[in-house]
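Working notes, structure below.
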Amino acid sequence: MEEKNITEQESLVIIQQMMNKTKEQLFDNSNLFLLWGFAAFICTVTQYILIKINIQNSEAVWIAMPIIAVIHIYIVIKQRSKIKVQTYNGNAISALWTAIGFAFISIVFFASQKINILPTIILLYAIGTFVSGKIINFKPLVFGGYISFLLSIAIAFIKDENQLILMAAAILISYIIPGFLLKKEYKNQQA
């Protein structure tokens, strides 16, 4: 079989097609940003309210997250059966979020030692959304990452349960808003 030499222009077209395929797959997974965004946002706001009304063990609301992880795994398995092409960028994004998932699991152990984990959680939101946004060149994710980086620093100057307000803001800016924008762009591409 004879190898065909391709021009620089043809090479750029192939690269752009692979980037678009990765972006399309991530847009199709905008539901995951929304799933995690709404779950974390609801848990954050619920915990804040429970603290304000003096309910003990308010952190118990976070028990919902393993349930969300099971839903996430189900969605990913279902989606993977539909993906016909594995792309480098798609694999990179998958590896990034798998590593961040393991980091979140590790954080649970920090919390059991009464260490303030909220700055670290916001920092992980920042890293995940910033890198994903850069890989697919989607500015709302990059912007959400930048803002979450700033919020992970700002939280050091906020006391007690009011830190949960900054965490809710980070979730809104880095997950929920970009998730809706990803979904909207995906629908526009499909039309």
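Read the figures in this text as sums done on the coordinates, not as results from a lab. The shown structure was predicted, so the numbers you read here are calculated from the model rather than taken from an experiment. Glycine also receives a Cβ, built like all others from the backbone with ideal geometry; neighbour counts cover every protein chain displayed.
Springs between Cα atoms under 10 Å define the GNM used for the chain, and in it the highest mean-square fluctuation of N89, N54, N137 occurs at N54. For the chain, the longest principal axis of the C-alpha atoms and the axis of helix 177-190 are separated by about 30°.
Would you mind checking the tilt of helix 118-136 against the longest principal axis of the Cα atoms of the chain, expressed as 0 to 90 degrees and rounded to 10? That works out to roughly 10 degrees. Estimated from the Cβ-Cβ distance and a Förster radius of 45 angstrom, the FRET efficiency linking Q17 and L150 is about 0.80. Take the Cβ atoms of I105 and N54, set R0 to 25 Å, and the FRET efficiency comes out at 0.25. Just checking the listed ones, F110, F38, F138: in the Gaussian network model of the chain with Cα springs under 10 Å, the one fluctuating most is F110. Ordering 64-70, 172-178 by mean Cβ neighbour count within 10 Å, with the highest value first, yields 172-178, 64-70.
I want to verify a result. In a Gaussian network model of the chain, Cα cutoff 10 Å, which of these has the top mean-square fluctuation: I42, I55, I127? Result for the chain, Cα springs under 10 Å: I55 fluctuates most. For the pair N137 and N91, what calculated FRET efficiency results from E = 1/(1 + (r/R0)^6), where r is the Cβ-Cβ distance and R0 = 30 Å, to the nearest 0.05? Plugging the Cβ-Cβ distance into 1/(1 + (r/R0)^6) gives 0.95.
Across the stretch 94-107, computed HN-Hα scalar couplings (Karplus, 6.51 cos²θ - 1.76 cosθ + 1.60, θ = phi - 60°) run 4, 5, 4, 6, 5, 4, 5, x, 5, 4, 4, 5, 4, 4 Hz from first to last residue, x flagging Gly and Pro.
Between Q113 and V76, the modelled label-to-label distance comes to 2.6 nm, taking each label 7 Å out from Cα in the direction of the beta carbon.
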